[in-house]
1. Along Cα→Cβ, 7 Å out, is where each label goes; now give me the distance between the ones at A:Y96 and A:A26 in nm to one decimal.
2. Counting each pair of different Cα atoms once, what's the Kirkwood radius of chain A in Å, rounded to one decimal?
3. Just rank A:Y244, A:Y38, fewest to most, by other beta-carbon atoms within 10 angstrom.
4. For chain A, modelled as a Gaussian network with Cα springs under 10 Å, which listed residue fluctuates most, A:L292, A:L176, A:L196?
5. Can you tell me which of A:95-106, A:11-22 comes out highest on packing, and rank the rest after it, using the mean Cβ neighbours within 10 Å?
6. At A:S238 and B:F188, where each label point lies 7 Å from the Cα along Cα→Cβ, what is the point-to-point distance in nanometres?
7. State the three equivalent ellipsoid semi-axes of segment A:105-164, derived from the C-alpha gyration tensor as the square roots of 5 times its eigenvalues, in descending order and whole Å.
8. Please give the Cα centre distance for segment A:72-98 versus segment B:45-122, rounded to the nearest Å.
Amino acid sequence: MISLLLILISSLFFVGIIVKVKAKIAARKMPPVLQPVYDVIRLFKKGAVYSQTTSVIFKIAPLVYFSSVFLAVLFIPIGSNEGLLSFEGDFVFFAYLLGIGKFMTIISAMDTGSGFEGMGANREALYSMLAEPAFFIIAGSMALFTDNISFHDLFLHLKQDADLYYIIGIASTYVLVYIAMVENSRMPIDDPKTHLELTMVHEVMILDNSGFDLGLIHIATWLKFSIYGALISNFIISNSWNLYWQIAVFLGIQFAFSTIVGILESFRARNKIEKNPQWIIMLSAISIVVFLTVLIITQKIILN
Amino acid sequence: MTYLFIILYTITLIYFALSERVKKFVWLLSIQGFILFGIAFFSLHKIKIFDFIFILAETILVKSLIVPWFLNKVRKHNHLKRVQETSVPVSYSLIIVVMILLFSFLFNNFLNSNYIHTKYFTVSFASILFGIYFIIIHKNIFSHVVGYLIIENGTFLLSLAVGSVMPMMVNLAILLDILMGVLVLGVFINRIGDAFESTKIDKLSKLKD
């Protein structure tokens, strides 16, 4: 229960902090940290406008997207605090819950019949497909490392004092930060501030959504960022720490993560569209290195 | 600690496969030099102090400073394009470098020899294979020199693998080989660049007496 609450609370501030950091770096006047929340409240007060060419899929897609992401939040543990739901092999279920949400947004984008949205859907499907092996190799390596296959046990039995653990921790954090960027269509992959439909990935898919539906999609994005932040924090938080210390470190890591995203978005140029796939495959290659390190630690590969 | 540098070395190989910019190649070579310094520093403490200092100086001065500085000079002299095209798409190269890494790690696990330090042998094997692959896929002589240097770094690790003693004579020979190789190839590239205004290898077929 604590982990759910923490993720929900941190998700409220996440995008606000990113926007604040970007404004600070560009020397603009900073909006309040809760500005994205006010925007969503404003959107909730509005009604939605639906195009005549859309079908029921377009109407239910934002709800399914939001609920799948919310359900995925229930599986995330933080330190020694268990997630609300947990069973063996739940990280596979978690990945495909996010997959269902993504699938619904993709088919709802195609449902509008717009050429631009179809193009965005095409790109988004490709990028998430390429990022999936990286996530599974990391999760599989952790499962091998701890001999457990549920999120909670996996992070509970993480032997943080093991030799070479720091390599696994740093490389996994690097890969997870960039998977979060791919999943949320952020900077090196896609620029959320771009104004040209031809170069958009995620933003072009939700061009037709308005009012309540758009609000739900925004909230799902915050939650997704917060989920990945929580996963990263699990690599650092030790279970032997007391509860308050764990909560403080979790919030600190979420803050650091959102600041890093803000800094990355301010200083990094976006990849060329055709360079994106190879860049995402690189994440899988790095996670293979994590896998090899785990094999060395667990002495499945013996080197002298 | 040695394992950290070995893993870092494998990551540099992945970045070699990913990057297409000449400047990045030079940077990565310099980083590899520092990593080799780390590996030598943490694994060669049984040898004589003079040899030890010589090897450390060689890795830090020659491999990570002088050679990249010289390559940078060659790059500027020939006005090389920022991006070097490869004959194989980068995604394939990434998959191949991962295959090479997996193969070399599993092969060394299978080898399990008492005569070789397999932890160095894995990366040296991967580095030599990747260096050859790097030379094959690039069309520019400059990138061929970079590939040659990746192989040389692999050879350095190989000499660690066969017995952590590093005899002075072998060491001097390797050092001389690298320096002469890079200098001669650098001059060669400059001459070709001056004559043909390009360093692509397909121009070389026109070379005649």
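1. 4.1 nm
2. In chain A this quantity evaluates to 20.0 Å.
3. A:Y244, A:Y38
4. Sorting by GNM fluctuation, first place goes to A:L196.
5. A:11-22, A:95-106
6. With each label placed 7 Å out from Cα toward Cβ, I get 5.5 nm.
7. 39, 11, 7
8. 41 Å
Bear in mind these aren't lab numbers, they're just calculated from the coordinates by the rules spelled out. All values reported here derive from a predicted model rather than from experimental measurement. As a convention, Cβ positions derive from the backbone with ideal geometry for all residues, glycine included, and neighbour counts pool all protein chains shown.
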